[in-house]
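Below is one structure, written out as structure tokens, with a few remarks after it.
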There are 2 protein chains.
Amino acid sequence: MTALERGARVTLSRVVEPGDEVCGRWIGEVGAPEAVRWLYGERERPRGMTDRRWAGLRARAARADPERDLELARSAGVGFVCPGEPDWPAQLDDLGDARPVGLWVRGRPGLRLWALRSVAVVGARACTEYGAHMAATLGAGLAERGWVVVSGGAYGIDGAAHRGALGAGGATVAVLACGVDRPYPRGHTALITRIAEQGLVVGELPPGEHPTPSRFILRNRVIAALTRGTVVVEAAYRSGALVTARAAQRLGRFTMGVPGPATSALSAGVHELLRGEAVLVSDAAEVAELVGEMGELAPDRRGPVLPRDLLEPDAGRVLAALPARDPAGTEQIARRAGTSTDDAVGRLYELRALGFVERHGDGWKLTRQETAPVRADRGRC
Amino acid sequence: MTALERGARVTLSRVVEPGDEVCGRWIGEVGAPEAVRWLYGERERPRGMTDRRWAGLRARAARADPERDLELARSAGVGFVCPGEPDWPAQLDDLGDARPVGLWVRGRPGLRLWALRSVAVVGARACTEYGAHMAATLGAGLAERGWVVVSGGAYGIDGAAHRGALGAGGATVAVLACGVDRPYPRGHTALITRIAEQGLVVGELPPGEHPTPSRFILRNRVIAALTRGTVVVEAAYRSGALVTARAAQRLGRFTMGVPGPATSALSAGVHELLRGEAVLVSDAAEVAELVGEMGELAPDRRGPVLPRDLLEPDAGRVLAALPARDPAGTEQIARRAGTSTDDAVGRLYELRALGFVERHGDGWKLTRQETAPVRADRGRC
């Protein structure tokens, strides 16, 4: 990854709308640096692009200021990750031409590893109490089983799922449809701040960008691609959560639905999914069983690919603080490792993804094997 | 069907427990009359039967009184139907050696035709208000679409499904695990009497027999075999309704489940089914769509097999009373045909199964084709 490529992608992140496949194909063909040169140069529009679209892109490029974007991001504790970089979640490559040009990430490093053991829990904003209860219970149960809960940070089901994971001391990722420095919805400012501390807040849009209806819809493809599977908790017909579920299906991810009363309009969309290929799930154990089927790292164990001594120093310290027999709580591990609890949680989830540690209820312990068995370079999981 | 065969089967109905496959195989091999001679004679036990079982059968045969059984039945308005007779529902032959030796039927004739367009709606006795609401709504909606609702006459879901069908002026069949002259449960005496008037009460057991736990379970195979498909509305784990659903699956019938809250123990059994091969249904339209897929008579139309002039006189009178254009209500049709409303309902369902008439909401009218298109001799539907 050259600095030139990185810089070009920061620019393109400001210029190209999420999910623009025409631009995605063009960038794939000529490369990000050449695409940026083209945008600022005197050349004709690329083939397959209308004059109107090309003029729009050039106008946005003229206003772009990648230096300032990176500076803004840095000051807000936000990083930028490009395709091919070590922390890039390679599952996103499944999106083809609709792959994000890069991801803005607020929070600890480790997105790539987290994504390897992640499940999306999504649903209606105006959910019922039943839906909120199920989302929170699923979020907590998945976190307790060492799964990372991914959602959209919205009111209703999304928020309940994030809170459930946080409350269980677990890791959670909010994928926003706006700049990650800008909590949306505003009523979730505290929640999103907390997610950035204990988990990750990510998005395609550079600092300061607002959400729009189409950005909400296109954000959903990132949630679907990032995760092993998507659980829809409550969704009316034509709900955005169904867009995520259908994207997951197209991408070959697991699609799951939580049933509800047949008399509830907020379960009608879920039931429609369940009449198709989606699998009915009633609790976190059923979700973990399904996504773990193909997702569990065990079947691919072919010897240690990432040995302990290749771990980053922080992760190594947390690993050294882990008990071999009786599970220890996060705070105890953090104290022993000389790190904050939030940092310890992040590292524990990384180590979980790598197969070093297991979660048992509220505690963590070393897995039985001495060395980590996962092929950390696997893009698809 | 000889009188000898019929008489022998009346005797065997008193002697052989429902679903006894060893006896079923034996009767299939030697024939019912020979089996009865054997029971009363001096011969050795049939091959494959234990001494103990053989002694039990002979003791019951010694106490059997087929004349009295038929007399008891007649006085209670109950008939007896044998395999191979015109009113025998040939779908029951799919049960193989577990096929009933005969069926006791209380109510109008027409079981065979009714079964061709029937759906089972079953579920928990101790159901929730939600479950009762769904069962009643499904029962009514299926009846409105010209489907016969079959259930077990029990408290809870069964009763609600029967009542829904009755309330919509539809046809319904209760399959009992005891003598059909003996309403069970006692609290459903009025309901079962009403079903016998507007529909049918059927069972394998001769007059006066009591239900037992195993008879309840084995009754469920008759419900499954008789119908095109089984809908489970509410069922806890290990509920009897799941036995019906699994029997339906084994028999190649459609299996359907109504979802409920994942937090409800009474939906847990249904959700287990839905995680397998059962199809999620939220209303009667979805049930009719599914069972009609293979069940609709249209695909097999190969010219008129049962022309109008082969109809029984009562059915012919009801057919003559039907409007060709705007649907008429049951009472109006009954008045025109000079018959009771209950009789008219029975005949209308027969004519519906034969493709002569259509139901539209509360009314009935002639189908567009002049002659009936159904192969009335088809055993499997």
Identify all residues within the stretch A:122-142 that are β-branched (Val, Ile, Thr) and closer than 11 Å to A:Asp283 by Cα; write none if there are none. A:Thr137
B:Arg112: buried (at least 24 other Cβ atoms within 10 Å of the Cβ), among the basic types (Lys, Arg) and more than 28 Å from B:Ala236 (Cβ to Cβ), yes or no? no
For the stretch B:171-197, pairs from a residue that is touching a residue at least 60 places away in the same chain (Cβ under 8 Å) to a residue that is in a loop (DSSP other than H, G, I, E, B) and acidic (Asp, Glu), with Cβ under 7 Å and 6 or more apart or across chains, are B:Gly179/B:Glu209
Residue that is touching a Leu at 6+ places or on another chain (Cβ under 7 Å), in contact (Cβ under 8 Å) with a residue 24 or more places away in the chain and not β-branched (Val, Ile, Thr), where the choices are B:Leu92, B:Leu116, B:Leu70: B:Leu92
Scan the stretch B:229-263 for residues that are surrounded by fewer than 21 Cβ atoms within 10 Å (Cβ to Cβ) and among the hydroxyl-bearing types (Ser, Thr, Tyr) and jot them down. B:Tyr237, B:Thr263
Would you mind telling me which numbered condition in (1) under 28 Å from B:Ile27 (Cα atoms); (2) touching a strand residue (DSSP E or B) at 6+ places or on another chain (Cβ under 7 Å) B:Gly139 fails? (1)
Somewhere in the stretch B:51-65, is a residue in contact with a Pro (Cβ under 9 Å, 6 or more places away or on another chain) and in contact (Cβ under 8 Å) with a residue 40 or more places away in the chain? yes
Those residues of the stretch B:290-322 which are under 25 Å from the mean Cα position of the chain (by Cα) and modelled with pLDDT of 75 or more amount to B:Leu290, B:Val291, B:Gly292, B:Glu312, B:Pro313, B:Asp314, B:Ala315, B:Gly316, B:Val318, B:Leu319
Select from the stretch B:1-29 the residues that are more than 23 Å from B:Leu218 (Cβ to Cβ) and among the hydrophobic types (A, V, I, L, M, F, W, C) and write down the one among them that is surrounded by the fewest Cβ atoms within 10 Å (Cβ to Cβ). B:Ala3
Name the residue, out of A:Glu286, A:Glu277, that is within 23 Å of A:Ala132 (Cβ to Cβ), surrounded by fewer than 22 Cβ atoms within 10 Å (Cβ to Cβ) and within 14 Å of chain B (Cβ to nearest Cβ). A:Glu286
Starting from the stretch B:245-264, take each residue that is within 13 Å of B:Gly276 (Cα to Cα) and list its partners that are of a type in the set (Ser, Thr, Tyr), counting only C-beta distances under 6 angstrom and pairs at least six apart or across chains. B:Ala245/B:Thr230; B:Ala245/B:Thr255; B:Gln249/B:Thr255; B:Thr255/B:Thr230
Could you say whether any residue in the stretch A:27-40 is free of Cβ contacts under 8 Å to residues at least 60 places away in the same chain, within 24 Å of A:Gly179 (Cα to Cα) and of a type in the set (Lys, Arg)? no
Which of the helices (runs of 4 or more DSSP H) found entirely inside the stretch A:1-90 contain at least 3 residues meeting this: of a type in the set (Lys, Arg) and either over 20 Å from the mean Cα position of the chain (by Cα) or at pLDDT 95 or above (or both)? A:3-15, A:51-63
Which condition from (1) among the hydroxyl-bearing types (Ser, Thr, Tyr); (2) in contact with a Gly (Cβ under 8 Å, 6 or more places away or on another chain); (3) farther than 24 Å from A:Ala140 by Cβ is the one that A:Thr255 breaks? (3)
Identify all residues within the stretch B:30-68 that are of a type in the set (D, E, K, R) and touching a helix residue (DSSP H, G or I) at 6+ places or on another chain (Cβ under 9 Å); write none if there are none. B:Glu34, B:Arg37, B:Arg43, B:Glu44, B:Arg45, B:Arg47, B:Arg53, B:Arg58, B:Arg60, B:Arg63, B:Asp65, B:Glu67
What tally of residues in the stretch B:306-362 results from selecting those that are within 17 Å of B:Gly110 (Cα to Cα) and either assigned by TED's automatic domain parsing to the domain that holds B:Gly167 or β-branched (Val, Ile, Thr) (or both)? 5
Kindly provide the set of residues from the stretch B:139-159 that are in contact (Cβ under 8 Å) with a residue 40 or more places away in the chain and among the hydrophobic types (A, V, I, L, M, F, W, C), ordered by number. B:Ala140, B:Leu142, B:Trp147, B:Val148, B:Val150, B:Ile157
Output yes when any residue across the stretch A:323-342 is at pLDDT 85 or above and basic (Lys, Arg), and no when none is. yes
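The values are calculated or read from the model by the stated rules, or taken from the named source; none is laboratory data. No experiment lies behind these values; they were computed from the predicted model shown. All Cβ positions, glycine included, derive from the backbone under ideal geometry; neighbour counts span all protein chains shown.
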